[in-house]
Amino acid sequence: MASVYPAVSELVAEARRVYAQEFGEEAPRTAVCAPGRVNLIGEHTDYNQGYVLPMALPLVTVVVGSQTSGQDVTVVTATKDADEPRRVDFSLPGDGSPLSPGSPSWANYVKGVIQHYRASPVPGFRAVIASSVPLGGGLSSSASLEVAVYTFLQQLRPDDGDKVSKAVACQQAEHTHAGVPCGIMDQFVSVLGREGHALLIDCRSLEATPVPLADPGLVILITNSNVRHSLTGSEYPMRRRQCEEAASTLGKESLRDATMKDLEEARDRLDDVTCRRARHVIEEIERTVQAAEALKRGAYKEFGKLMVESHNSLRDLYEVSCRELDELVSAAMEVDGVFGSRMTGGGFGGCTVTLLQADAIDRTILHIQRLITVT
Ligand code: GAF
């Protein structure tokens with residue numbers, strides 16, 4: 001079957017072509033890439049210091065470029081986003097003063113990473129970005145851009161940090177320059193993801209356990225609802241605040257430390273919405289640990305059941321799903337050979353992830369396509 005996404009080499013070739021168009025003469029001296037991710041289970045648990053189980057994807061962001069002699073930076077994106085300029089020029093402040101976010105918004109990820117890069121001063125450079133990670137699809141297009149830019153800077157001026165500190169720097173870039181108070185999952189798996197494995201990440205200790213996931217009888221299908229999600233609105237930060245409020249009412253450092261019994265005992269001190277948010281997080285952390293165990297045993301039915309429970313909880317308790325995602329999950333679950341399906345990522349649009357038997361792939365895709373044609 002032909003690949004449905006471009007190979008890394010094709011993206012690099014595209015970025016090099018745009019580089020030649022924009023900057024003429026010499027070919028770029030450096031080319032790097034970083035993957036997007038799909039989260040199998042453990043949603044909205046990372047900023048509660050819980051567990052997540054994502055895997056890196058063969059969808060990647062590529063940066064090609066070269067150092068220049070001055071303090072000027074020019075970055076061009078090969079990704080066509082009609083609303084925004086594709087080129088940005090700025091100067092690196094020589095006195096260490098902050099690089100302010102601005103327009104175009106994609107350049108804020110570049111500026112943020114420069115700001116939090118762990119070796120200074122960063123030299124001037126010219127670069128082109130190309131990506132196969134769909135924008136706003138909930139597959140971490142932003143984290144893959146941040147990590148790719150960080151890796152690019154490491155080629156220009158090596159830092160002495162480890163991989164976890166690299167992920168943390170990229171997360172900080174997202175906080176300060178994109179205004180999203182995200183957890184660590186996306187950047188972590190983009191830096192530390194391993195081929196043929198999911199990563200069980202403990203978002204408190206920042207330790208990760210690779211879980212093998214290379215069974216030829218198994219397929220992970222990602223379906224894009226094409227409802228474009230954005231986490232920069234008020235909903236994501238509001239969920240995070242509600243969780244912090246719940247933890248503080250329960251007298252816990254985070255919801256990672258809370259049990260359902262704690263929540264029931266504090267029931268009359270929490271409003272209904274906050275209580276539902278906390279219940280999702282407490283149960284989802286437990287589900288994620290169970291799911292990783294099930295995956296290790298090859299107990300796919302059990303894993304699939306936990307995926308569906310996770311989706312229902314995100315829909316009903318955490319309220320971050322939408323009609324299109326719910327319909328995609330229901331449609332996938334109607335097919336024989338499908339183990340489980342759920343929305344993946346922050347929600348409010350984006351993608352679903354479905355675990356199924358390899359021999360069910362064609363009928364699953366056909367069934368989903370039929371649903372899309374009818375509605
Ligand atoms: C987004 C965030 F960036 C992650 O940190 C995580 O909270 C996720 O939403 C929800 O699980 O991808």
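The values are calculated or read from the model by the stated rules, or taken from the named source; none is laboratory data. None of these values were measured; they are calculated from a predicted model. No Cβ is skipped: glycine too gets one built from the backbone with ideal geometry, and neighbour counts run over all protein chains shown. Keep in mind that these areas ignore ligands, DNA and RNA; they rest on the heavy atoms of the full protein, side chains included. Shrake-Rupley method; radii C 1.70, N 1.55, O 1.52, S 1.80 Å.
Have a look at Val149, Val122, Val133, Val189 and point out the one that is away from the ligand (no atom under 15 Å from the Cβ), hydrophobic (A, V, I, L, M, F, W, C) and buried (at least 22 other Cβ atoms within 10 Å of the Cβ). If you could, list the steps in order and put the result at the bottom.
Values: Val122 fails: buried (at least 22 other Cβ atoms within 10 Å of the Cβ); Val133 fails: away from the ligand (no atom under 15 Å from the Cβ); Val189 fails: away from the ligand (no atom under 15 Å from the Cβ).
So the residue among Val149, Val122, Val133, Val189 that is away from the ligand (no atom under 15 Å from the Cβ), hydrophobic (A, V, I, L, M, F, W, C) and buried (at least 22 other Cβ atoms within 10 Å of the Cβ) is Val149.
Which of the following residues is in contact with a helix residue (DSSP H, G or I) (Cβ under 9 Å, 6 or more places away or on another chain), free of Cβ contacts under 8 Å to residues at least 12 places away in the same chain and open to solvent by 70 Å² or more (accessible area, probe 1.4 Å): Ser100, Ser9?
On the way: Ser9 fails: in contact with a helix residue (DSSP H, G or I) (Cβ under 9 Å, 6 or more places away or on another chain).
Being in contact with a helix residue (DSSP H, G or I) (Cβ under 9 Å, 6 or more places away or on another chain), free of Cβ contacts under 8 Å to residues at least 12 places away in the same chain and open to solvent by 70 Å² or more (accessible area, probe 1.4 Å) holds for just one of Ser100, Ser9, which is Ser100.
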**Message:** Checking the structure you have, find out if any residue of the range 292-309 is modelled with pLDDT of 95 or more, assigned to a helix (DSSP H, G or I), within 24 Å of Cys243 (Cα to Cα) and in contact with a His (Cβ under 8 Å, 6 or more places away or on another chain).
**Reply:** no
**Message:** I'm told Ser310 meets every condition in (1) away from the ligand (no atom under 14 Å from the Cβ); (2) hydroxyl-bearing (Ser, Thr, Tyr); (3) crowded, with 23+ Cβ neighbours inside 10 Å except one. Can you identify the failing condition by its number?
**Reply:** (1)
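When you check Val191 against the structure, is it over 19 Å from Val320 (Cβ atoms) and outside the structural domain of Tyr47 (by the TED database), yes or no? Don't jump to the end; show me each part of the working.
Working: over 19 Å from Val320 (Cβ atoms): yes; outside the structural domain of Tyr47 (by the TED database): no.
In short, no.
Does the range 154-173 include one or more residues that are within 13 Å of the ligand (Cβ to nearest atom) and either acidic (Asp, Glu) or open to solvent by 40 Å² or more (accessible area, probe 1.4 Å) (or both)? I'd like the intermediate steps shown before the answer.
Filtering the range 154-173 down to residues within 13 Å of the ligand (Cβ to nearest atom) leaves 167-168, 170-173.
The next check asks that each one be either acidic (Asp, Glu) or open to solvent by 40 Å² or more (accessible area, probe 1.4 Å) (or both); those that pass are 172.
Yes, the range 154-173 contains a residue that is within 13 Å of the ligand (Cβ to nearest atom) and either acidic (Asp, Glu) or open to solvent by 40 Å² or more (accessible area, probe 1.4 Å) (or both).
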**Asked** Does the range 231-247 include one or more residues that are open to solvent by 40 Å² or more (accessible area, probe 1.4 Å), touching a strand residue (DSSP E or B) at 6+ places or on another chain (Cβ under 9 Å) and within 16 Å of the ligand (Cβ to nearest atom)?
**Response** no
**Request:** Determine if the range 314-335 includes at least one residue that is at pLDDT 95 or above, out of contact with any Lys or Arg (no Cβ under 7 Å at 6 or more places or on another chain), more than 16 Å from the ligand (Cβ to nearest atom) and part of a strand (DSSP E or B).
**Result:** no
**Asked** Of the residues that sit in the range 22-43 and are in a loop (DSSP other than H, G, I, E, B) and open to solvent by 10 Å² or more (accessible area, probe 1.4 Å), which one is nearest to the ligand (Cβ to nearest atom)?
**Response** Pro28
**Fill in**
Picked from the range 67-113 (must be part of a helix (DSSP H, G or I) and of a type outside the set (Gly, Ala, Ser)), the residue farthest from Ala169 (Cα to Cα) is Asn108
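Being in a helix (DSSP H, G or I) and open to solvent by 70 Å² or more (accessible area, probe 1.4 Å): is that true of Glu283 here? Can you show your working first?
Working: in a helix (DSSP H, G or I): yes; open to solvent by 70 Å² or more (accessible area, probe 1.4 Å): no.
When the stated conditions are applied, Glu283 does not pass them.
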**Request:** Residue by residue through the range 44-79, note down the ones that are open to solvent by 40 Å² or more (accessible area, probe 1.4 Å) and either in contact with a Pro (Cβ under 6 Å, 6 or more places away or on another chain) or within 16 Å of the ligand (Cβ to nearest atom) (or both).
**Result:** Gln49, Tyr51, Gln67
**Fill in**
The number of residues in the range 80-97 that are exposed (fewer than 11 other Cβ atoms within 10 Å of the Cβ) and at negative phi is 6
**Prompt:** Of these, Ser248, Ser230, which one is polar (S, T, N, Q), farther than 19 Å from Ser313 by Cβ and free of Cβ contacts under 8 Å to residues at least 24 places away in the same chain?
**Reply:** Ser248
